[in-house]
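What follows is a single structure, written as structure tokens, with notes after it.
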Amino acid sequence: MSTDAAHKSASQGGNGGDEHFEPRILVFCCNWCSYAGADLAGVSRLQMPPYFRVIRTMCSARVDPEFIMRAFQKGADGVLVAGCHPADCHYIGGNYRTRRRMALMKVLLQQFGFDPDRLRLEWVSAGEGEKFQKTIIEFTNTIKELGVSPMKGGE
Amino acid sequence: MAEKIKIAQYWGAGCGGCDVALLDIDAKILDVHAIAEVVFWPIGFDGKLHDIENMPDKSITVSFYNGAIRNSENEHVAKVLRQKSVIMISFGSCACYGGTPGLANVTNKQEVFQTVYKDTQSTDNAAGVMPLTHSKVKEGELELPEFYDTVKTLDEVVDVDYFMPGCPPTVNLIAMAVDAVAQHVTKGTPLPPKGAVIASDKTLCDECKRERVEKGRKIERIYQAYEITPDPKKCLLDQGIICIGPATRAGCGAMCPNAQMPCRGCMGPTKGVMEQGASMLSALSSLLGMTDSEAGLSEESIMNIMLQVKDPLGTFYAFTLPKSLLKRTVTEKKKKKTVT
């Protein structure tokens, strides 16, 4: 995707989104697959909307649900957790724990009043720079559509 | 001893169980009586707040505050007692973590009033009378405390010296606290460091006598407590009953699990943990429905496994919602999607 196209699709932000809304998105990447995937996206100069910050953890299962709660408490508009594909985890079964936690986290966040789409889990391997780019663009669009986090802009 | 120390006990948004718990220490209450004079205890005798307000600052040695901060009166008394006391103890789960009243943080004042004063079957309120902080009657003006939207913990409104969780704190923990204060007053023994939690630093599982699977632990499916008769020796969580023990602070002696009831987490999070709910979510998710063919499971089937947990917020935050990171529910501006 070219620079212009990537920025355009992200900045349009779907229907009804605030034109000037610059979301704050936190991305957790596991050390072995997704961080390398993000790195590949970077060195390949794939263009992405610049509204995300990456935190590297050793495994996606290291992302304690408390981290996600803290991100939302601090005003993050969206949280993306990226890990190795099933059957590909460096620690054999970390990602199986992760996806269970993320599924239940979505239910919990919904009970807290958040749109569950503010949390996303994606598998990104070390070779999938383009998937990382695509995920970031899609997720940024989702968050732009949802608007500012209810923790700061809501009630 | 020449002069008795002064102690106070107050209830905020609580059930009164904590007040009674203080009497459960049996003969030890005589030790309290030997060194202390109770100056304020609304559930025990008729005391007036303005008498406390007129006392010199720091003239009460220990104040035990139980119950959460639900309205302006709770907050006012907490501030008065803080000012007049040397030691302020957050007594019981409600004061420490919000407790059961804290679950009202999934709603707000308007909805609570609507339910209580209008919608319940037993309510007959055709005129739609709602409580007001000030109302004029022919005898004069009446005043009621202001009801808050959000339930707070005691340490959110005043500086707290010690925390005593439990619903209510157990007899041995109360005895421990009473002893510490008595030793301090009579012999000058130093008190624990400020901010200490008067309980254990370990998790409840450490105190529980039930046998748990040590290796290859997994939970087949979730059972509600009424659905099965649990094996009296085996870990409840291993049997599919949600027990909050792994995410809960020890100190109570694991009384509930030892009596066939799963832990609901009244002792709050373990040391160093901010979120008891997130901690339990993490523990349970790692065990639930694990199979040998994980890679082949679809995201949808994973969601179905996890949806066996019917009410994660109510289950994992049964006592700690106001103390959780998010503290209360929020409202999205736009219509939101639902998971199920």
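So, of the residues in the range B:145-177 that are assigned to a strand (DSSP E or B) and under 14 Å from the mean Cα position of the chain (by Cα), which turns out to be surrounded by the most Cβ atoms within 10 Å (Cβ to Cβ)? Break it down stepwise before answering.
If we filter the range B:145-177 for residues that are assigned to a strand (DSSP E or B), which is where we start, we get B:147-152, B:162-164.
Then keep just the ones that are under 14 Å from the mean Cα position of the chain (by Cα); that gives B:151-152, B:163-164.
Values: B:V151: 26, B:K152: 23, B:F163: 24, B:M164: 28.
Top of the filtered list is B:M164.
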Single unsatisfied condition, B:E214 versus (1) in a loop (DSSP other than H, G, I, E, B); (2) within 30 Å of B:I174 (Cα to Cα): (2)
Filter pass, A:A10 being at pLDDT below 95 and open to solvent by 30 Å² or more (accessible area, probe 1.4 Å): no
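Conditions (1) open to solvent by less than 30 Å² (accessible area, probe 1.4 Å); (2) farther than 20 Å from B:K327 by Cβ, marked per residue:
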| site | (1), (2) |
| --- | --- |
| A:A38 | yes, yes |
| A:T57 | yes, yes |
| A:D64 | no, no |
| A:N95 | yes, yes |
| A:L109 | yes, no |
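Table: residues versus (1) open to solvent by 20 Å² or more (accessible area, probe 1.4 Å); (2) modelled with pLDDT under 90; (3) in a strand (DSSP E or B); (4) outside the structural domain of B:T133 (by TED's automatic domain parsing).
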site: B:I25; (1), (2), (3), (4): no, yes, no, yes
site: B:D31; (1), (2), (3), (4): yes, yes, no, yes
site: B:T61; (1), (2), (3), (4): yes, no, yes, yes
site: B:R70; (1), (2), (3), (4): yes, no, yes, yes
site: B:K79; (1), (2), (3), (4): yes, no, no, yes
Matching residues in the range B:286-307 - criterion: being among the β-branched types (V, I, T) and assigned to a helix (DSSP H, G or I): B:I302, B:I305
Qualifying positions in the range B:131-188 - under 30 Å from B:M255 (Cβ atoms) and among the hydroxyl-bearing types (S, T, Y): B:T153, B:Y162, B:T170
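If I filter the range B:255-290 down to residues being open to solvent by 60 Å² or more (accessible area, probe 1.4 Å), among the aliphatic types (A, V, I, L, M) and more than 9 Å from chain A (Cβ to nearest Cβ), which single residue comes out as farthest from the chain's Cα centre (by Cα)?
Going through the range B:255-290, the residues open to solvent by 60 Å² or more (accessible area, probe 1.4 Å) turn out to be B:255-256, B:258-261, B:264, B:271-272, B:274.
Imposing the further condition that a residue be among the aliphatic types (A, V, I, L, M) reduces the set to B:255, B:259, B:261, B:274.
With the extra rule that they be more than 9 Å from chain A (Cβ to nearest Cβ), the set shrinks to B:255, B:259, B:261.
Values: B:M255: 17, B:A259: 21, B:M261: 18 Å.
Among residues in the range B:255-290 that are open to solvent by 60 Å² or more (accessible area, probe 1.4 Å), among the aliphatic types (A, V, I, L, M) and more than 9 Å from chain A (Cβ to nearest Cβ), the one farthest from the chain's Cα centre (by Cα) is B:A259.
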Test result for A:R45, in a helix (DSSP H, G or I) and of a type in the set (D, E, K, R): no
Condition check for A:L80: more than 7 Å from chain B (Cβ to nearest Cβ), at pLDDT 95 or above, in a helix (DSSP H, G or I) and touching a helix residue (DSSP H, G or I) at 6+ places or on another chain (Cβ under 7 Å): no
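Across the range B:225-245, what is the total count of residues that are touching a residue at least 24 places away in the same chain (Cβ under 8 Å), open to solvent by 70 Å² or more (accessible area, probe 1.4 Å) and part of a loop (DSSP other than H, G, I, E, B)?
1
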Residues located in the range B:178-224, provided they are open to solvent by less than 40 Å² (accessible area, probe 1.4 Å) and of a type in the set (G, A, S): B:A180, B:A182, B:G195, B:A196, B:A199, B:S200
Near pairs, Cβ below 8 angstrom, 6+ apart or cross-chain, from the range A:96-108 (more than 7 Å from chain B (Cβ to nearest Cβ) and within 11 Å of A:R120 (Cα to Cα)) to any residue that is open to solvent by 10 Å² or more (accessible area, probe 1.4 Å) and of a type in the set (A, V, I, L, M, F, W, C): A:M102/A:L121
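Tell me, which residue of the range B:308-323 that is more than 7 Å from chain A (Cβ to nearest Cβ) and not in a helix (DSSP H, G or I) is most open to solvent (accessible area, probe 1.4 Å)? Don't jump to the end; show me each part of the working.
So in the range B:308-323, the residues more than 7 Å from chain A (Cβ to nearest Cβ) come out as B:308, B:310-311, B:314-323.
When the remaining residues are screened for being not in a helix (DSSP H, G or I), the result is B:308, B:310-311, B:317-320.
Values: B:Q308: 47, B:K310: 156, B:D311: 64, B:Y317: 1, B:A318: 8, B:F319: 10, B:T320: 5 Å².
Filtering the range B:308-323 for residues that are more than 7 Å from chain A (Cβ to nearest Cβ) and not in a helix (DSSP H, G or I), the one most open to solvent (accessible area, probe 1.4 Å) comes out as B:K310.
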Within the range A:111-152, considering residues that are farther than 30 Å from B:L103 by Cα and open to solvent by 50 Å² or more (accessible area, probe 1.4 Å), the one farthest from the other protein chains (Cβ to nearest Cβ): A:E130
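So that you can scan it fast, the table gives a plain yes or no per residue for (1) assigned to a strand (DSSP E or B); (2) closer than 29 Å to B:T315 by Cβ; (3) in the same structural domain as B:A68 (by TED's automatic domain parsing):
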position: B:E111; (1), (2), (3): no, yes, no
position: B:T115; (1), (2), (3): no, yes, no
position: B:A126; (1), (2), (3): no, no, no
position: B:V129; (1), (2), (3): no, no, no
position: B:L132; (1), (2), (3): no, no, no
position: B:K136; (1), (2), (3): yes, no, no
Criterion violated by B:N105 - all others in (1) on the phi < 0 side of the Ramachandran plot; (2) out of contact with any Ser or Thr (no Cβ under 7 Å at 6 or more places or on another chain) satisfied: (2)
Residue satisfying all of: in the range B:250-266; in contact (Cβ under 8 Å) with a residue 40 or more places away in the chain and either in contact with a Leu (Cβ under 7 Å, 6 or more places away or on another chain) or part of a helix (DSSP H, G or I) (or both); nearest to B:F91 (Cα to Cα) among these: B:G251
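Of these, A:Q73, A:Q47, which one is touching a residue at least 12 places away in the same chain (Cβ under 8 Å) and in contact with a Leu (Cβ under 7 Å, 6 or more places away or on another chain)? Walk me through how you get there before you give the answer.
Details: A:Q47 fails: in contact with a Leu (Cβ under 7 Å, 6 or more places away or on another chain).
The unique qualifying residue is A:Q73.
The values are calculated or read from the model by the stated rules, or taken from the named source; none is laboratory data. Predicted model only: the values in this text are computed from it and were never measured. Heads up, the Cβs are rebuilt from the backbone with ideal geometry, glycines too, and the neighbour counts pull from every protein chain shown. Note: accessible area is taken over every heavy atom of the protein model, side chains too, but ligands, DNA and RNA are not part of it. Shrake-Rupley method; radii C 1.70, N 1.55, O 1.52, S 1.80 Å.
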